[in-house]
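A short worksheet on the structure shown next.
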Amino acid sequence: MAKTAWGIELGTSNVKAVKLSGDRGGVSLEDVAITSLSDFGLGSGTSPQDATAGALNELRTSKGIKKGDDVYVSISGQNTLGRIISLPPVAKERVRETIENEARSQIPIKLEDAVWDFQIIDDQNPEELRVNLYAAKKDVVNALVDTCDAAGLHIT
């Protein structure tokens, strides 16, 4: 059975969404939607958050997105950080601690004010540990979650 998911981009003037389905045979585009925030009052006194919540609510109802559906929402690039870092090899039980220490110097805000994670790049080089490091401001993430909640959209 194919697994489906919605991917949503919250822009400054539009909300864009795609529905993808996939199985071991590949991925298929099932649906596309673009909603202008001006249709929900942006530019005529409505706050960007309220206009975005209105557009998301319209998307949710018109496309039949239900609680439990996989829904992924992007954060705009100006609010995120992505870096590849290289570390010396470390014992397996110290990997997280080592990456966290490096993250403190690589992320330009306090880690307590960020939502961050990492992914180890498996490149089979025993001389170094390569890591993808990702971060976003916690208040930006919380505002995005609150906007989605206000629209009744439960994000994955």
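The values are calculated or read from the model by the stated rules, or taken from the named source; none is laboratory data. As the structure is a prediction and not an experimental result, all values here were calculated from the model. Virtual Cβ from ideal backbone geometry, glycine too; neighbours counted across all protein chains shown. Note: areas computed on protein heavy atoms with side chains; ligands, DNA, RNA excluded. Shrake-Rupley method; radii C 1.70, N 1.55, O 1.52, S 1.80 Å.
Relative contact order of the range 13-121, taken over Cα pairs closer than 8 Å and 6 or more residues apart, is 14 percent. Computed about its Cα centre, the charge dipole of the chain is approximately 160 debye, with only Lys, Arg, Asp and Glu carrying charge at their Cβ. Distance between Cα centroids, the range 38-55 to the range 83-156: provide it in whole Å. Taking the Cα centre of each part, the range 38-55 and the range 83-156 sit 32 Å apart.
Annotation for the range 55-156: trypsin sites (Lys or Arg not before Pro) lying in DSSP loop with at most 12 further Cβ atoms inside 10 Å of their Cβ are Lys66, Lys67, Lys110.
Estimate the FRET efficiency between Ile121 and Arg24 by the formula 1/(1 + (r/R0)^6), using the beta-carbon distance for r and 30 Å for R0, to the nearest 0.05.
On the way: r = 24 Å, r/R0 = 0.81.
Here the calculated transfer efficiency is 0.80.
Each DSSP beta bridge with both residues in the chain is either parallel or antiparallel, and the antiparallel ones are about 85%.
At full extension, Ile109 and Ser38 could sit 22.2 nm farther apart than now, given 0.36 nm per residue minus the alpha carbon distance. Heavy-atom accessible surface of the chain, averaged per residue, reaches 62 Å², computed with a 1.4 Å probe.
Restricting everything to alpha-carbon atoms, can you work out Rg to Rh for the range 27-121 with a Kirkwood hydrodynamic radius?
Ratio value, two decimals: 1.13.
Sparsely packed loop sites in the range 1-32 (the trypsin sites (Lys or Arg not before Pro) outside DSSP H, G, I, E and B with at most 12 other Cβ atoms within 10 Å) comprise Arg24.
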